[in-house]
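The values are calculated or read from the model by the stated rules, or taken from the named source; none is laboratory data. In this text the structure is predicted, and so the values were computed from the model without any measurement. Backbone-built Cβ (ideal geometry, glycine too); neighbour counts: all protein chains shown. Ligands, DNA and RNA are stripped out before the accessible areas are found, and what is left, the full protein with its side chains, is counted by its heavy atoms. Shrake-Rupley method; radii C 1.70, N 1.55, O 1.52, S 1.80 Å.
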Amino acid sequence: MDSPGVMYRVAKGVATDPMQFYSLTDCPQDRTCFFFGDDGFTHVQHLSPYDMLLQLGFHRHYIQEKVSSGYRFELLTLDTRRNAGFVCERATWDGVRTVCEAAYPELSIGDGLWARVRALSLEDHERAARYRFDEARRQGSAHPGYMTLERTISALVDGGGAGTGATTAEIGTDCTAGGVAERCCALGEKGRGAAVVAAEGSEHAAWVVRAFLFHTMGLRGLYRGDGYTWTHDNRRGIAEYLCRNCPRSQLSLGVSPLSIDIPKGDAESE
């Protein structure tokens, strides 16, 4: 794709932990992250930092939770023309697939499964999974349904256990959160680094992939696959891009602190 020129990202991290500001995300192990383009910045540059976050799709409860937990927010500015090799894609479903395949070569997801992931709503995927993805996000990896790469590989291994040495009995067919956790324990290291071809059109495979995109790649509840952010009151926001994460030291990067002042009315309604 053509270079979007200057791009922006709101980064966050616990103020007392410098490692959370080592890369473009607060977790250096993240392989992808979101940016928004210069055209979008014109829509938010006049807003307060708090309203900017809301316009970018952050939920007010999430902002309050992070601020009260000692997080600080920053605005990162990156000119792609001055950072050769920094590749990004518009965050449409096609762009997400391109970045996912580049960032996670361990996963091999076929056309049919991608089509099913795209076709179903987040609510449909959650009904199939029988748990709320955001609840798992809040608990992190302590929740058995929080889809890390390793858990996703374990859950998507086909009936023959391709590439893992696992048997059908070890894998089973229970893809609820508890079932995934049991398989992760049973597979252990055999599930790591395996090339997985998930069952085309499988309902449980579809929700597993969508949960992985939700938890590991950051495609949260407001993601629609059209390349734009969306607000909780159903207003389209600005163009967004999905990029590869990397250490900040590898980039020519501007960093501006964002002082988040939560309006009294919003704080009281928490």
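Summary of computed values
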| item | result |
| --- | --- |
| Solvent exposure of region 1-41 as accessible area per residue, Å², 1.4 Å probe | 44 |
| Solvent-accessible area per residue, Å², over region 201-263 with all protein chains present [probe radius 1.4 Å] | 42 |
| Residues of region 80-104 with amide N under 15 Å of the 7 Å Cα→Cβ point at Glu123 | none |
| Packing-based order for 26-38, 65-77, using average beta carbon neighbours within 10 Å, highest first | 26-38, 65-77 |
| Solvent exposure, largest accessible area first (probe 1.4 Å, DNA, RNA and ligands not counted), of His46, His59, His125 | His46, His59, His125 |
| By accessible area with a 1.4 Å probe, ligands and nucleic acids excluded, highest first: order of Trp207, Trp230 | Trp230, Trp207 |
